[in-house]
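The values are calculated or read from the model by the stated rules, or taken from the named source; none is laboratory data. The structure displayed is predicted, hence computed values, not measured ones. Cβ atoms come from the backbone with ideal geometry, glycine included; neighbour counts cover every protein chain shown. Each accessible area value is taken on the protein alone, full model and side chains, heavy atoms only, with ligands, DNA and RNA left out. Shrake-Rupley method; radii C 1.70, N 1.55, O 1.52, S 1.80 Å.
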Amino acid sequence: MSISVVIAYHSGYGHTARQARAVASGAASVPGVTAALHDIAVLDEPLWQALTDAEAIIFGTPTYMGSQSAVFQAFAEASGSVWAQQGWRDKIAAGFTTSAGVNGDKLNTLSSLAVFAAQHGMHWVSLGLPPGWLYTTAGDVEDLNRLGGFLGAMAQAPSDAGPDDAPGTADLRTAEHLGRRVARVAVELRNGRLVGAA
């Protein structure tokens, strides 16, 4: 039986959707894992059922005005009934975000996502990469984790670039890395739980 990883995201202009697809590609590259994209702008039963069935949920949102989008916040607040039943307790969680600014206060958004996951009793998975690009003089703009985040995957999309062009390849490869990392943790956790049950 395959392990389900759900990417639950909102995208205002298409940039975060592009990042979400990269996360899903990374997760799906792990044997025994299926990855599904769910736009949380639509709070319907298929979304809630997919989240119930998932072993890992990777949350994604653009960073607007230094925090997650209002649409993502509405989803977070709508999950109150799930929280009351502890429906996501012990699931794996991670997060990603995009902003137009190189910094854009993306860390604040990822921190909010981590707190949201913690309130649901989930296990947060960090990015697990050293910083790239300007961290050393030998760094390159195409380095993984070029924006130097640790809590989750960060991406930057210029405000005048469409989603066909941005985020760029380095940020998308970083998103793929996050998806793979979460999927591998999900596999390890399931195997450990099976051994424990035996």
- prompt: According to the square roots a ≥ b ≥ c of the eigenvalues of the Cα gyration tensor, what is the shape class of region 71-137, taking rounded for a/c under 1.5, prolate for a/b larger than b/c otherwise, and oblate for the remainder?
  reply: oblate
statement: Of all DSSP beta bridges having both residues in the chain, the percent classed as antiparallel (nearest 5) is 5
- prompt: What is the magnitude of the charge dipole of the chain about its Cα centre, with +1 placed on the Cβ of each Lys and Arg, -1 on the Cβ of each Asp and Glu, and no other charges, expressed in debye to the nearest 20?
  reply: 560
- prompt: What are the ³J(HN,Hα) values, in whole Hz, obtained from phi via the Karplus relation 6.51 cos²θ - 1.76 cosθ + 1.60 with θ = phi - 60°, for each residue of region 173-186 in sequence order, with x given for Gly and Pro?
  reply: 5, 5, 5, 4, 4, 4, x, 4, 4, 5, 4, 5, 5, 4
statement: Carbon plus sulfur, as percent of the 1.4 Å-probe accessible area of region 1-154, comes to 58
query: If you stretched the chain out fully between Ser29 and Ser126, how much longer would it get, using 0.36 nm times the residue separation minus the C-alpha to C-alpha distance?
result: 33.1 nm
Accessible-area order (highest first, 1.4 angstrom probe) of the listed residues Phe59, Phe150: Phe150, Phe59
query: Do you know the relative contact order of region 26-95, to the nearest whole percent, from alpha carbon pairs under 8 angstrom that are 6+ apart?
result: 36
query: Per-residue HN-Hα couplings for region 44-56, Karplus 6.51 cos²θ - 1.76 cosθ + 1.60 at θ = phi - 60°, whole Hz, x for Gly and Pro?
result: 10, 4, x, 4, 5, 5, 4, 5, 5, 7, 6, 8, 9
message: Apply the Karplus curve 6.51 cos²θ - 1.76 cosθ + 1.60, θ = phi - 60°, to the phi angles in region 126-136 and return the couplings in whole Hz, x for Gly and Pro.
response: 7, 5, x, 10, x, x, x, 6, 7, 5, 10
- line: Mean separation of Cα contacts under 8 Å (at least 6 apart) over the residue count of region 70-198, i.e. the relative contact order in percent, is 23
